[in-house]
Amino acid sequence: MADVRHLGQAGVYRVASELALRGIGVYFPSVDIGVDLMTERGLRLQVKTATLRERKQGIGYFIGFGWNQKGSAQKPQRRPRSYSEEVDLIIIWGVDENRFWIAPSKLFDGHSGLLLRPGKDLPPAILNG
């Protein structure tokens, strides 16, 4: 499996490809300003890519939000990020099932992560801390 940087970039291209197939033109910003893609109508998109993993919460796609920072005892912690100030939509690509989730960025403000379970009808779980 590709390392996390390659996987993330593959996700950006996968989402761009899917949008193009649906007749939506996309642009790739030349500078990293927190926006992965922009649509021809000006929507700013952040792409998150995840593979199925098992954690204490169960099996699912785990997506971390925010920035890593050193916490107590030098354990990495997530510092909340205000995505709604940077992008309009977050698109998540679940690689193993080739599934997409699209949501307004404001839903993720202040949260540390998200768990999306495999299958069709299980609700997501927003993770804090």
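The values are calculated or read from the model by the stated rules, or taken from the named source; none is laboratory data. No experiment lies behind these values; they were computed from the predicted model shown. Ideal geometry is used to build each Cβ from the backbone, glycine not excepted, and the neighbour counts take in all protein chains shown. Protein only, heavy atoms only, side chains kept; ligands, DNA and RNA dropped before computing areas. Shrake-Rupley method; radii C 1.70, N 1.55, O 1.52, S 1.80 Å.
Assorted remarks:
- Computed label-point distance, nm, for sites Val4 and Arg53 using a 7 Å Cα→Cβ extension: 0.7
- Rounded Å value of the spacing that divides the Cα centres of region 1-19 and region 21-62: 8
- Heavy-atom surface analysis with a 1.4 Å probe gives region 13-57 a carbon and sulfur content of 50 percent of its accessible area.
- Solvent exposure ordering (accessible area, 1.4 Å, most first) of Arg5, Arg53, Arg117: Arg5, Arg53, Arg117
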